[in-house]
C-alpha cells in the first residue's frame, strides 16, 4: 500500500509542475501580448501623471499637451519650491520659505516637452520594459516631472530676493490717550540675489525642488528699551510750530510719563515683534500741525505806528533796525531778545552816528535812534497781549510815543524781551515809509479779544532854568546849553476786551520813572575890545519853569523878554520840534515829530539810554 501511495504522489507532483508550467506559459504569452500592445500603443500609458498631479494616461501627446497648457497657471500657483533657510545657528535656521513657481514669475512648464516626456516614459524602453511600464501604470500609475522653462532669473532675482527676505521689526513706540504702546524688536533676514539665482538654477535643472537649502544673512532689529522710550516720551509738550528756514510747519510734541520698571517687565515677557500697552499719563499739545495750517499768521494781533524825525543818520538807523526784526518768527514759548535779533550796532554793520543819551547828556553815538524801533515794537507787543519779559523806560520821556509805552535798549545795557505766550506762532512785520515806522505782529486770534493801554501819571517834576557864565561868549549874549525835560512817574495798565467790547481784565503793566533835566543857559561874560562893558540887566523871573510840551515832546527854551520887545521862545536844539497831542491809548499814535534821536549806545544804566 505504501508503495502505491508513493507512486500516486509522484503522479500529482508531475501534474502540478505541468499546471504551473502551463500557467507560466499563459502568463508569459499574456505579458508578450501586453508588451506587443504597449509597443504598438500611440498613447501615454494609463495611470501616468505629471508632477504626481495632472492625469495624462490614455492621451496622445497632443491631447496631453493641451491638457497641461490649460492648467499652466494652476500648476504654477500650486507647485511649491521647498526653499529652506540654511545658516549657522540662529532663530531662522531651518525655516521654510514658502515659494511657488507662480511667485518666481519667470518659470513656466513646457507643456509640449512635458507631454513628450510622459509619452517617452512609456515608450522609450525596450519591448519587454514597455510592457512592464504599461502594467505598472494600470496597477498603480507612474509619475513624470514637469519640464520647466526658466526666464532670465538674473533679472528676476533682485525683486524676488527682496520679496523673500524679511525686514526686521525695529523697536518703536506710539502714544495713546492713556497709554504708551511699545513694539518689541524682531530680527529679520535677507537673501542675496546672486546666491538665489545659483540655487534656483541648480534645483530647476535637476527638477529637484522639494527641499532646496539657501544661505541667508540675519538682520538684527533695533532694540528699544523702556528706559529709552521714557527718555524720548517724557519730554516737554510743544505745540506745532513754524520753521522759517524751511518755510514749513513742524509737528507737535506729545509728552508721557510711566513706570519704567513695569514697562521693561512687560516688554521682556512679550514675543519678538509684539506690541505691548504701557499705562501712562499722556499730555497732548494744544495745537497740532493739521490744526495750525489754516490758522498760521491769519490775524493781526497788534499794530502801532510812530513818526520818525531827526537827522538822516538817525532815520537810517531806525530803518536798519526795523529791517533786522522784520519777518522774525516766534513759536509758542519762544522769547524775543531785541539785542540778540538786531545785533551790536557798529559802523561795520552799517549803523551811523546820531544823537543819543550818554550819562544824561545828548551826544552822537553809533546807532542812535534804534530805541524808536524797540519802543514801537514794545507797544505792538502790548497791544498783541504778549508777555513782556524785560523792559526799561528811557531816562527822559521820549517825544515819539506815549509816556510809559517806550522801551529803551543799549548793547551791554538795557534790554527788551518778550515771549510768545499764545498757542500759535507769531511773526513780526516792520516797515518804514514816509517818515513813519509801523510794526505789526501777526498770529492767530480765535476769540477776537483786543487790548487797550492806559496810563496814570503819579507825579510831575518840573525843570528849572540854570544860568552858567561862559567867558567865551560876548557879554550880554546867551546860548542854550541843555534842553530841558520834565520828570514824570507813570504807571501803565493793560486792559483786555472781548470781541463784543466787554472788559475782561485790567492789570498793572509797568512803572516808568522819567528823570528831570534842567534847562541850562550859558551867559556870556567876555568883554569885547573898544566896546564899553555894559552888563545887561537880568529881568526878573517869576516862574522859572517853562511850560511843558504836550505828552513828552521837546520843551521850548524858556522865554525871555528883550528890552522893549515881546517874549519869544528860543529855538529848540537841532532835530527838535514841537509835538502834536498825545497818542490815543491803545491805538495808532498821531503823527508826532520827535525831538532828537533814539539811543543805541553802550550805556549800562537803564535811565541813560537813547532818545
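The values are calculated or read from the model by the stated rules, or taken from the named source; none is laboratory data. Keep in mind that this is a model prediction, so the values were computed, not measured. FYI the Cβ positions are ideal-geometry reconstructions off the backbone, even for glycines, and counts take in every protein chain you see.
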Given (1) under 30 Å from residue 428 (Cα atoms); (2) touching a strand residue (DSSP E or B) at 6+ places or on another chain (Cβ under 7 Å); (3) touching a residue at least 40 places away in the same chain (Cβ under 8 Å), identify the lone condition not met by residue 235. (3)
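Regarding region 407-427, can at least one residue be identified that is part of a strand (DSSP E or B), over 27 Å from residue 370 (Cβ atoms) and out of contact with any helix residue (DSSP H, G or I) (no Cβ under 7 Å at 6 or more places or on another chain)? Before you say what the answer is, go through the steps one by one.
Let us first name the residues in region 407-427 that are part of a strand (DSSP E or B), namely 417-419, 426-427.
Those still in the list that are over 27 Å from residue 370 (Cβ atoms) too: none.
No.
Matching residues to (1) surrounded by fewer than 19 Cβ atoms within 10 Å (Cβ to Cβ); (2) farther than 30 Å from residue 256 by Cβ; (3) in the same structural domain as residue 270 (by TED's automatic domain parsing); (4) touching a strand residue (DSSP E or B) at 6+ places or on another chain (Cβ under 6 Å):
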| site | (1), (2), (3), (4) |
| --- | --- |
| 176 | yes, no, yes, no |
| 184 | no, no, yes, no |
| 189 | no, yes, yes, yes |
| 216 | no, yes, yes, yes |
| 226 | no, no, yes, no |
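Being under 25 Å from residue 374 (Cβ atoms) and touching a strand residue (DSSP E or B) at 6+ places or on another chain (Cβ under 6 Å) narrows it down to one residue among 497, 485; which is it? Give the derivation first.
Details: 497 fails: under 25 Å from residue 374 (Cβ atoms).
Step by step, each of 497, 485 is checked, and only 485 is under 25 Å from residue 374 (Cβ atoms) and touching a strand residue (DSSP E or B) at 6+ places or on another chain (Cβ under 6 Å).
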Tally time: how many residues in region 321-337 are without any contact (Cβ under 8 Å) to a residue 24 or more places away in the chain and over 13 Å from residue 409 (Cβ atoms)? 0
Determine which single condition residue 502 fails, assuming it passes every other condition in (1) loosely packed, with under 12 Cβ neighbours inside 10 Å; (2) modelled with pLDDT under 95; (3) out of contact with any strand residue (DSSP E or B) (no Cβ under 8 Å at 6 or more places or on another chain). (2)
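Quick grid of which residues meet (1) in the same structural domain as residue 248 (by TED's automatic domain parsing); (2) surrounded by fewer than 24 Cβ atoms within 10 Å (Cβ to Cβ); (3) modelled with pLDDT of 95 or more:
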| residue | (1), (2), (3) |
| --- | --- |
| 388 | no, yes, yes |
| 393 | no, no, yes |
| 402 | no, no, yes |
| 408 | no, no, yes |
| 424 | no, no, yes |
| 442 | no, yes, yes |
| 462 | no, yes, yes |
| 470 | no, yes, no |
| 482 | no, yes, no |
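Residues in region 306-314: is at least one surrounded by fewer than 16 Cβ atoms within 10 Å (Cβ to Cβ) and within 30 Å of residue 448 (Cβ to Cβ)? Talk me through it step by step, then tell me what you get.
So in region 306-314, the residues surrounded by fewer than 16 Cβ atoms within 10 Å (Cβ to Cβ) come out as 312.
Remaining after also requiring within 30 Å of residue 448 (Cβ to Cβ): none.
For region 306-314, residues surrounded by fewer than 16 Cβ atoms within 10 Å (Cβ to Cβ) and within 30 Å of residue 448 (Cβ to Cβ): absent.
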Failed item, numbered, when residue 360 is tested on (1) closer than 23 Å to residue 486 by Cβ; (2) modelled with pLDDT under 95; (3) crowded, with 24+ Cβ neighbours inside 10 Å; (4) touching a strand residue (DSSP E or B) at 6+ places or on another chain (Cβ under 8 Å): (3)
Find the strands (runs of 3 or more DSSP E) located wholly in region 146-207 whose residues include 3 or more that are modelled with pLDDT under 90 and farther than 17 Å from residue 97 by Cα, and list them. 148-150
Within region 238-262, count every residue that is more than 25 Å from residue 424 (Cβ to Cβ), in contact (Cβ under 8 Å) with a residue 60 or more places away in the chain and assigned to a strand (DSSP E or B). 0
Residue 365 fails exactly one of (1) surrounded by 22 or more Cβ atoms within 10 Å (Cβ to Cβ); (2) in contact with a helix residue (DSSP H, G or I) (Cβ under 6 Å, 6 or more places away or on another chain); (3) modelled with pLDDT under 95, namely (2)
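Residues 376, 438: which one is in the same structural domain as residue 339 (by TED's automatic domain parsing) and either in a loop (DSSP other than H, G, I, E, B) or surrounded by fewer than 24 Cβ atoms within 10 Å (Cβ to Cβ) (or both)? Please lay out each step first, then the result.
Values: 376 fails: either in a loop (DSSP other than H, G, I, E, B) or surrounded by fewer than 24 Cβ atoms within 10 Å (Cβ to Cβ) (or both).
The unique qualifying residue is 438.
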For residues in region 83-97 being assigned to a loop (DSSP other than H, G, I, E, B) and surrounded by 14 or more Cβ atoms within 10 Å (Cβ to Cβ), which is modelled with the lowest pLDDT? 87
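To keep it simple, each residue is scored yes or no on (1) surrounded by 11 or more Cβ atoms within 10 Å (Cβ to Cβ); (2) at pLDDT below 75.
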site	(1), (2)
10	no, yes
19	no, yes
23	no, yes
36	yes, yes
65	yes, no
77	yes, yes
81	yes, no
99	yes, no
107	yes, yes
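Can you give me the number of residues within region 312-340 that are under 30 Å from residue 286 (Cα atoms) and either outside the structural domain of residue 368 (by TED's automatic domain parsing) or in contact with a helix residue (DSSP H, G or I) (Cβ under 7 Å, 6 or more places away or on another chain) (or both)?
Narrowing region 312-340 to residues under 30 Å from residue 286 (Cα atoms): 325-338, 340.
Checking the rest, the ones that are also either outside the structural domain of residue 368 (by TED's automatic domain parsing) or in contact with a helix residue (DSSP H, G or I) (Cβ under 7 Å, 6 or more places away or on another chain) (or both) come to 325, 328, 338.
The total comes to 3.
Does region 263-306 hold any residues that are in a helix (DSSP H, G or I) and more than 24 Å from the chain's Cα centre (by Cα), and which are they?
Across region 263-306, the qualifying residues are 263, 264, 265, 266, 267, 268, 269.
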